[in-house]
1. Once you average over the residues of B:136-147, how many Cβ atoms of partner chains fall within 10 Å of each Cβ?
2. Please give the Cα centre distance for segment B:61-75 versus segment B:105-132, rounded to the nearest Å.
3. Grab the eigenvalues of the alpha-carbon gyration tensor for chain A, scale each by 5, take roots, and send me the semi-axes largest first in whole angstrom.
4. Arrange the peptides A:45-55, A:78-88 so that the one whose residues have, on average, the most other Cβ atoms within 10 Å appears first.
5. Which whole-angstrom value gives the distance between the alpha carbon centres of segment A:16-84 and segment B:30-51?
6. Size of the dipole of segment A:14-76 about the Cα centre, Lys and Arg at +1 and Asp and Glu at -1 on the beta carbon, nothing else charged, in debye to 20?
7. Divide by every residue of chain A the summed helix terms, -39500 (n - 2.57) for each DSSP H run of at least 4, and state the resulting mean residue ellipticity at 222 nm, rounded to the nearest 500 deg cm²/dmol.
8. Let me know the Kirkwood hydrodynamic radius for segment B:115-164, please, with Cα pairs as the basis and the value in Å to one decimal.
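Coordinate-derived values only; no laboratory data. On a predicted model such as this, the values are computed, not experimentally measured, just so you know. Note that we place each Cβ from the backbone using ideal geometry, even for glycine, and neighbour counts take in every protein chain shown.
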Amino acid sequence: MSQYATEAMRALGSSFSTYADDLDQQTRPTLAGLELPEGAFPLFAMPAANDYAQSLLAVGAVTTALRDTFDAIGAALHRVAGHYEQLEADQAAGFHRSHD
Amino acid sequence: MPAGWDEGGWTDTDSDAFDTFLIRGLVAAATSGLIVALEPSGAGMAAATLTGLLVMPNVVDPEPWLSNSGTWGELKNAYDSMHAQLLSQIEKVDGFWQDSAATQFHAFATGDLLPALERLAQTCSLMDSYCAQMATGVITTLGAFLVATVSAAVAAVAANAAGPVSPAVKIGIFASWAAFAVAVIGLLAGFVMTVWLAAKTLGDANDELANKFADRSGQIDTASIRLPESLKIVIGDPAEWVQR
């Protein structure tokens, strides 16, 4: 049995990576479809066109940053689990060599 | 996945421009009928000027606003759902990772990540409201204008059909048109008020995110929700993890 909770670490890493993918898939195409051309705004509402675009841009930027963060957490957990599984394997190999 | 979905999104700008063109054509046709019905009073030109300068530039296709309102609402639900998932994820982590590093992770997740998703959901809700208000304003203005124009044209045609147009009838036609013009201006003023209120709602949507993320330049700064370097290091130290 592993000394470290590498299995749980991997599972958690995978779920964070899946979560990042879900966030991307559920929001990115939708955000792209929310753009409005200036022609959609009546003349009296034209000054609001820029505000609308800014809000859409802001929602996209925050969503992208969140996705990257969840992805980074997932990848970090996977790398650490892999590193310590390798370390344990090396320690086990050294133990066997010392008893040969 | 909602009906009508595709990777390109909901809004087909070419189709929307065509729809706006058709709607403006309808307005032009209704106004033309009124102009013909008002002649030979001379009021037709005034009606054409009013329609061309004030009404036409403010008549757009309401469909993109309606569909975008629905899409912002769906996006709000998606962020709410992601918030619930993250909360569940954090609870799982708390279940088997309990030390100083876990405390840092918990603080980052609950103090920065969850509030970010809440702000996104709130912003989407406000944008949904803004689009719905715009759609209502556009539809109400268009409908009222068309009804008023057709009614005025019918009244003018009826007056002409009654016999030779006397000066009194011409004055009556002019008075009807003047009342109509005032009604249209009032309608537009009401629409401007609707747009102003909608724009204020949109400002609120910007503030929702700006309150959380804006930096000094007023641009959105997402640094607070990036994984902090110190947390990368503690996550990277398995000695901090519960041993099994």
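1. On the way: counts 0, 3, 4, 0, 0, 2, 0, 0, 0, 0, 0, 0.
Mean shielding by partner chains, rounded to a whole number: 1.
2. 19
3. Semi-axis lengths for chain A are 52, 9, 8 Å.
4. Ranking, from highest mean packing down: A:45-55, A:78-88.
5. Spelled out, the Cα-based centre of one part sits 50 Å from the other.
6. 60
7. Values: 2 runs with 78 residues, N = 100.
-29000 deg cm²/dmol, from helical runs alone.
8. 14.2
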